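The values are calculated or read from the model by the stated rules, or taken from the named source; none is laboratory data. These numbers come from a predicted model, not from an experiment. Please note: Cβ atoms are built from the backbone with ideal geometry, for glycine as well, and neighbour counts cover all protein chains shown. Just so you know, the surface numbers come from the protein's heavy atoms only, side chains and all, with ligands and any DNA or RNA stripped out. Shrake-Rupley method; radii C 1.70, N 1.55, O 1.52, S 1.80 Å.
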Amino acid sequence: MAQSYDVIVIGSGPGGYIAAIRAAQLGLKTAIVEREHLAGICSNWGCIPTKALLRSAEIFHYAKHPGDYGIKIEGSVTPDLKAIVARSRGIAQRMNGGVGFLMKKNKVDVIWGEAKLTKPGEIVVSKTTKAIQQPQAPLPKNVLPEGTYTAKHIVIATGARPRALPGIEPDGKLIWTYFEAMKPEEMPKSLLVMGSGAIGIEFASFYRTLGVDVTVVEVMKTVMPVEDAEISALAKKQFEKQGMKIHLEAKVTKVEKGANSVTAHVEMKDGKVEKITADRMISAVGVQANIENIGLEALGVKTDRGFIAIDGYGKTNVPGLYAIGDVAGPPMLAHKAEHEAVICIEKIAGLPNVHPMDKSKIPGCTYCHPQVASVGLTEAKAKEQGRDIRVGRFPFVANGKAIALGEDQGLVKTIFDKKTGELLGAHLVGAEVTELIQGFVIAMNLETTEEELMHTIFPHPTISETLKESVLDAYGRALNA
């Protein structure tokens, strides 16, 4: 007989493993299926190890400019690529092992293999065809073999993979995805990045900081197109000051491969085609959901534009079947997947007062230099909705802590509803804004008004004071600018 559970989760990324833990906490007999590596793309190839790379680049940047801080460093400062990559991969393995420990701690069974839905409430797990792409931390002892398993509730959390454009498919040698960009065997002298979303611009920032000649090609009018246009423009100015070359409203139409280089045919805004040659190219044109070969068609699961269609609680159109995270649609963010997981499981468990996902309050962060972070409506979107708004701005150059840190290039921008004082959006560029944004996220979730923010005491000296000053500026009351 098939082993039976209350909940089976397919995929152990941020959404999957959090769903499994929350289910176990609520007393549900739980198993999780994984085919490749515990902790998913985020901890193994995305969120965490990329931040390790960027941290190394940040340290290198400061070491190259010690005089800015009254420090002398004798001799040359050079990056050790092998050591940088090894540190990043070691952190990924640590995260991988941590999730294994959490599965054991919460008594979640781990089923190793590829899952396929066969009928409502049933999956068949076969031997994985995926090669583990990094040194795998020791598997937890509670690992079960392939076979048939049943559950009252099945949660699909299979994530996403890099999207490839026809004719410009990554080959792992000359044209990279984030997999290859994470662990280069040697540092290229030049790099072409196709796409300036979070993935593309973070790698562009990493490689440029380490001295690589970087060119970014973006089809939209701004870098990081989902961000507020004013913030994007300020970030672009800083990127170009660092020596990055950026082509907007341009697209790669063709790629010619050489022995150890690529030449991209780039159609510029004016229609002219320019050839750009680089040692390596990163394809960062988005990701696509892993919805193939998991049995969705057999059960009649509805999809929408390549994603599994769900309601605000993760429910699909098939009773007992749910989807969370990247596979369930944008925004493709680990923290969205984690929150979606908790909502889904708590709804399954019948907890009272479970609120559906509110995507308008999900923060977005890009860990380039300078960092960019945002939540809510951009100024353009607020105007499109016909909102009567107040906009506040406060520059880092007027903040004492930012000046003391040598990080005075930044801006906090806030958008309020003029009639109600509701905070509609916040957009930041500058040092550590990915940490600062949560102040505005909390404010929006608590439905905080401008008056309450103005009466909040912020510690001094901190960069966080820029948040309050931006609010004050929206109402003509800025004190330090």
Inset, instruction - Inspect the range 281-292 for any residue being within 23 Å of the chain's Cα centre (by Cα) and more than 30 Å from ILE156 (Cα to Cα) and give the result as yes or no. - result: yes
Inset, instruction - For ILE282, work out the one condition from (1) assigned to a loop (DSSP other than H, G, I, E, B); (2) closer than 30 Å to ALA328 by Cα it doesn't fulfil. - result: (1)
Legend entry - Residue selected from the range 296-323 under the condition touching a residue at least 12 places away in the same chain (Cβ under 8 Å) and assigned to a helix (DSSP H, G or I), by the criterion farthest from PRO356 (Cα to Cα): ALA298
Legend entry - LEU423 vs. criteria in a helix (DSSP H, G or I), at pLDDT 95 or above and surrounded by 23 or more Cβ atoms within 10 Å (Cβ to Cβ): no
Legend entry - Residue within the range 104-111 that is out of contact with any Cys (no Cβ under 7 Å at 6 or more places or on another chain), more than 21 Å from VAL327 (Cα to Cα), modelled with pLDDT under 95 and open to solvent by less than 10 Å² (accessible area, probe 1.4 Å) present: no
Inset, instruction - Collect the residues in the range 433-464 that are part of a loop (DSSP other than H, G, I, E, B) and not aliphatic (A, V, I, L, M), keeping them in residue-number order. - result: GLU447, THR448, HIS455, THR456, PHE458, PRO459, HIS460, PRO461, THR462, SER464
Legend entry - Failed condition for ALA404, given (1) open to solvent by 30 Å² or more (accessible area, probe 1.4 Å); (2) in contact with a helix residue (DSSP H, G or I) (Cβ under 7 Å, 6 or more places away or on another chain): (2)
Legend entry - Looking only at the range 113-151, and only at residues there that are touching a Gly at 6+ places or on another chain (Cβ under 6 Å) and basic (Lys, Arg), the one that is modelled with the lowest pLDDT: LYS127
Inset, instruction - Examine the range 93-100 for a residue that is open to solvent by 50 Å² or more (accessible area, probe 1.4 Å) and free of Cβ contacts under 8 Å to residues at least 40 places away in the same chain, and state whether such a residue exists. - result: no
Legend entry - Candidates LYS254, LYS269, filtered to the one that is among the charged types (D, E, K, R), in contact (Cβ under 8 Å) with a residue 40 or more places away in the chain, outside any helix (DSSP H, G or I) and open to solvent by 30 Å² or more (accessible area, probe 1.4 Å): LYS254
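Okay, residues lined up against (1) of a type in the set (Asp, Glu); (2) at pLDDT below 95; (3) within 24 Å of PRO49 (Cβ to Cβ):
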residue: PHE307; (1), (2), (3): no, no, no
residue: ALA341; (1), (2), (3): no, no, yes
residue: CYS368; (1), (2), (3): no, no, yes
residue: VAL372; (1), (2), (3): no, no, yes
residue: ASP388; (1), (2), (3): yes, no, no
Legend entry - 2 or more residues touching a strand residue (DSSP E or B) at 6+ places or on another chain (Cβ under 7 Å) and either among the acidic types (Asp, Glu) or at negative phi (or both): qualifying helices (runs of 4 or more DSSP H) within the range 1-109: 14-25
